[in-house]
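Reading through the structure tokens given below for one structure.
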Amino acid sequence: MLLLVQLYIFAFAALVTALPAAKRGGGGSVYGITYTGKSSDGSCHSSDQVSQMVKRFQKNGIQRIRTYSQECDILPNLLKAIQNTDMQVVAAAWIDGSGKDEKEISSLVNNLKNANSDQIAGVAIGNECVQGGLMSASDVASKIKEVKGKLGGKFKVGTVDTPTGFQGAMLDASDIVFVNIHPFFGAVTADDAVDNLNQQLGSFKGKAGGKDVIVGEVGWPSSGDTNGKAVPSTANLAKVYNALKGSSIKYYFFEAQDSNWKNGGAFNVEPHWGLIDANGKSKISEFQ
């Protein structure tokens with residue numbers, strides 16, 4: 001998650017669309033979760049650790065897992081772990097416009113060669129490449145088309161960016177659109193987070209031209225510095241988690257485990273979005 005927070009805040013402040021509030025109640029289950037395949041210290045999870053994490057997701061009613069890259073053999077390990085289940089994975093290639101992109105894409109294509117299409121919820125090429133200033137929209141679009149060609153139309157392929165990062169070329173090239181939206185950076189309260197998300201998503205869908213839009217990341221940090229009315233805390237993490245469970249939004253909750261290997265980032269929250277802490281313990285009673 002690339003934290004160019006000012007752009008988020010300006011975009012949030014500009015929202016004027018009056019949309020119905022998301023459904024409440026805390027019922028249902030989490031639509032999906034993001035998972036890097038790493039421990040909090042940045043070390044790769046083994047195949048057995050991935051399998052245990054998948055079982056933990058299942059226990060909590062989570063059926064979809066979003067990945068970010070081919071690092072740590074995460075895709076083959078997940079595909080092995082979800083065999084004989086109804087679970088799905090968003091396969092991904094991490095691109096940044098460097099010479100490493102082709103190796104990442106080659107690994108993705110190879111790992112998907114014999115994959116069961118029912119297990120793949122989509123393919124995401126890059127994460128906030130334009131928002132983060134890593135690549136131009138046209139370059140991202142070219143990579144999407146390249147991967148679509150290599151996969152032969154077997155899977156829906158798109159990219160992930162913020163509402164302000166997405167541009168026409170990226171949307172045109174994508175079969176599926178993953179948009180990262182974090183109400184925390186809009187400085188709203190945890191109580192208002194899902195309504196804020198619902199407003200932004202509705203506004204963005206108008207830009208997406210009827211394509212399938214999924215929220216690629218949304219969550220709430222348990223620690224860090226306050227951003228206006230947005231207060232990082234475990235209680236607020238639980239509040240947003242439960243509100244999302246009661247919504248009709250398609251989203252991937254950010255994220256499975258704390259990422260202490262990341263820099264603190266804006267408001268010092270970057271390492272603290274996990275449902276699981278550095279020691280593998282659940283932070284909230286609603287997730288075990």
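Summing charges over neighbours of GLN58, with a neighbour being any other residue whose Cβ is under 13 Å away from its Cβ, gives +3 when K and R count +1 and D and E count -1. As a rough guide to protection, the peptides 280-288, 140-148 ranked by mean Cβ packing within 10 Å, highest first, stand as 140-148, 280-288. Note that the range 268-284 has calculated 3J(HN,Hα) couplings of 6, 9, 3, x, 10, 9, x, 6, 10, 7, 4, 8, x, 9, 5, 7, 10 Hz, one per residue in order, obtained from phi through the Karplus relation 6.51 cos²θ - 1.76 cosθ + 1.60 (θ = phi - 60°); glycine and proline are x. Calculated from the alpha-carbon coordinates, the chain shows an Rg and a Dmax of 17.6, 48 Å respectively.
I'd like the FRET efficiency for ASP48 and ALA278, computed as 1/(1 + (r/R0)^6) with the beta carbon distance as r and R0 of 22 Å, rounded to 0.05.
Details: r = 19 Å, r/R0 = 0.88.
The pair ASP48/ALA278 has a calculated efficiency of 0.70.
The residues TRP261, TRP273, sorted by heavy-atom accessible surface at 1.4 Å with ligands and nucleic acids left out, run TRP261, TRP273 from largest to smallest.
Can you spot the aspartates and glutamates whose alpha carbon is less than 19 Å from LYS145's alpha carbon? Ignore those fewer than 8 places along the same chain. In chain and number order, the partners are ASP96, ASP101, GLU102, GLU104, GLU128, ASP161, ASP172, ASP175, ASP212.
Under the definition of Cα pairs under 8 Å and six or more residues apart, what whole-number percent is the relative contact order of the chain?
Numbers: 587 pairs, mean separation 62.7, N = 288.
Relative contact order, the chain: 22 percent.
Distant-in-sequence amide contacts of VAL90, defined by a placed amide H-H separation under 5 Å and a gap of 5 or more residues or a different chain, comprise ILE65, ARG66, THR67, ALA121. Can you give me the pair-distance distribution of the range 26-108, C-alpha pairs, 10 Å bins, whole percents? Values per bin, smallest distances first: 18, 48, 27, 7, 1.
Approximating the spin labels as points 7 Å out from Cα along Cα→Cβ, the GLU286-to-ALA266 distance works out to 2.5 nm.
Figure legend: label point modelled 7 angstrom from the Cα of SER117 along Cα→Cβ; residues of the range 202-217 with amide N under 19 Å from it are 212. Charge dipole of the chain (Cα centre as origin; +1 on each Lys and Arg Cβ, -1 on each Asp and Glu Cβ, all else neutral): 700 debye, rounded to the nearest 20. Of the solvent-accessible surface of the chain, computed with a 1.4 Å probe and all protein chains present, 47% belongs to carbon and sulfur. Over the range 57-182, the hull volume per residue, using the convex hull of the C-alpha atoms, is 104 Å³. Cβ screening of the chain for cysteine pairs under 4.7 Å finds these without a partner: CYS129.
Which whole-number value in Å² is the accessible area per residue of the chain, probe 1.4 Å?
On the way: 11570 Å² over 288 residues.
With all protein chains present, the chain gives 40 Å² per residue.
Remind me, relative contact order of the range 107-175 in percent, using alpha carbon pairs under 8 angstrom and six or more residues apart?
Numbers: 87 pairs, mean separation 27.4, N = 69.
Averaging sequence separation for qualifying contacts and normalising by length gives 40 percent for the range 107-175.
Taking label points 7 Å from Cα along the Cα-to-Cβ direction, ASP212 and SER138 give a separation of 3.0 nm.
Greater than 23 Å separation of Cα atoms is the criterion. Which listed pairs, LYS100/LYS143; LYS55/LYS113; LYS80/LYS262, meet it?
Working: LYS100/LYS143 13 Å; LYS55/LYS113 25 Å; LYS80/LYS262 28 Å.
Over 23 Å apart, Cα to Cα: LYS55/LYS113; LYS80/LYS262.
The values are calculated or read from the model by the stated rules, or taken from the named source; none is laboratory data. Everything numeric here is computed off the predicted structure, so don't read it as measured data. With ideal geometry, Cβ positions are generated from the backbone for all residues, glycine too; neighbour counts draw on all protein chains shown. Calculation scope for accessible area: heavy atoms of the full protein, side chains included, ligands and nucleic acids excluded. Shrake-Rupley method; radii C 1.70, N 1.55, O 1.52, S 1.80 Å.
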